[in-house]
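Below: the structure, in structure tokens.
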């Protein structure tokens, strides 16, 4: 897919984008149990401290994480940040793309859920996220993958022009490792929204080799 520049990206993620992608069902596609499952995975490696959620959208994960962490959230979208700030007022939220995040305070954990597939310079983005972490701090990402039969079907149906990376699970794992993260672990994610009040979501090792999305966790070097 043809790459989209960062300057153009900044104009894409506003109200119309969220309306189109979530079809007016953001909350139904982001039920609490989904983000509680993500929080459980985060707390396997980091129990407390300062957490940054990159690409926080409307704040669904922030709402769960704030019970255990000091929480910061950022998003490229001014529209999304306005909503996140109203929903999670105890979190520090700000508008920024990844390279605009300053490292005045180092983070214990950075989460990046379904974000990196949108970032043109993904190698540099991962390197920058590493710089924002404390020694031994954790990065937890989720990304869609397109290297199985299910993934190839999803890829053909995927009409989101901001998905500039459609890679395999092993490509993503190698990218995270190449950026300097250590002690990598990964799980598969199955998710499906059939409509109405129902949403299917499961994250686990048993499905990691064929699931259409994965979660990758890596640690910053301790020294």
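Computed quantities for the displayed model
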{"read-out": "Pairs where the first residue, in region 17-31, is closer than 16 Å to residue 61 by Cα and the second is not in a helix (DSSP H, G or I), C-beta under 6 Å, 6+ apart", "value": "26/58; 29/193; 31/199"}
{"read-out": "Residue in region 156-169 that is in contact with a helix residue (DSSP H, G or I) (Cβ under 7 Å, 6 or more places away or on another chain) and closer than 14 Å to residue 56 by Cβ present", "value": "no"}
{"read-out": "Residue check for residue 86: out of contact with any helix residue (DSSP H, G or I) (no Cβ under 9 Å at 6 or more places or on another chain) and either over 22 Å from residue 167 (Cα atoms) or surrounded by 22 or more Cβ atoms within 10 Å (Cβ to Cβ) (or both)", "value": "yes"}
{"read-out": "Looking only at region 17-30, and only at residues there that are assigned to a helix (DSSP H, G or I) and in contact with a helix residue (DSSP H, G or I) (Cβ under 8 Å, 6 or more places away or on another chain), the one that is farthest from residue 163 (Cα to Cα)", "value": "27"}
{"read-out": "Evaluation of residue 47 against (1) assigned to a helix (DSSP H, G or I); (2) free of Cβ contacts under 8 Å to residues at least 40 places away in the same chain; (3) over 16 Å from the mean Cα position of the chain (by Cα) (one fails), failing number", "value": "(1)"}
{"read-out": "Check on residue 146, at pLDDT 95 or above and either part of a loop (DSSP other than H, G, I, E, B) or over 28 Å from residue 20 (Cβ atoms) (or both)", "value": "no"}
{"read-out": "Residue that is surrounded by the most Cβ atoms within 10 Å (Cβ to Cβ) [pool: residues in region 168-191 that are assigned to a loop (DSSP other than H, G, I, E, B) and in contact (Cβ under 8 Å) with a residue 24 or more places away in the chain]", "value": "181"}
{"read-out": "Positions within region 192-211 being in contact with a strand residue (DSSP E or B) (Cβ under 8 Å, 6 or more places away or on another chain), surrounded by fewer than 16 Cβ atoms within 10 Å (Cβ to Cβ) and in a strand (DSSP E or B), in sequence order", "value": "192, 194, 200, 202, 204"}
{"read-out": "Pairs where the first residue, in region 139-160, is more than 23 Å from residue 51 (Cα to Cα) and the second is at pLDDT below 75 and surrounded by 15 or more Cβ atoms within 10 Å (Cβ to Cβ), C-beta under 6 Å, 6+ apart", "value": "145/151; 146/155"}
{"read-out": "Region 84-101, residues that are in a helix (DSSP H, G or I) and in contact with a strand residue (DSSP E or B) (Cβ under 7 Å, 6 or more places away or on another chain)", "value": "84, 85, 98"}
{"read-out": "Count of region 52-83 residues which are in contact (Cβ under 8 Å) with a residue 40 or more places away in the chain, assigned to a helix (DSSP H, G or I), over 16 Å from residue 40 (Cα atoms) and in contact with a strand residue (DSSP E or B) (Cβ under 9 Å, 6 or more places away or on another chain)", "value": "2"}
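Listed here are the residues, each with its yes/no results for (1) in contact with a helix residue (DSSP H, G or I) (Cβ under 9 Å, 6 or more places away or on another chain); (2) at pLDDT 95 or above; (3) surrounded by fewer than 21 Cβ atoms within 10 Å (Cβ to Cβ).
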position	(1), (2), (3)
32	yes, no, yes
38	yes, yes, no
41	no, yes, yes
44	no, yes, yes
75	yes, yes, no
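The values are calculated or read from the model by the stated rules, or taken from the named source; none is laboratory data. Predicted model only: the values in this text are computed from it and were never measured. Note that we place each Cβ from the backbone using ideal geometry, even for glycine, and neighbour counts take in every protein chain shown.
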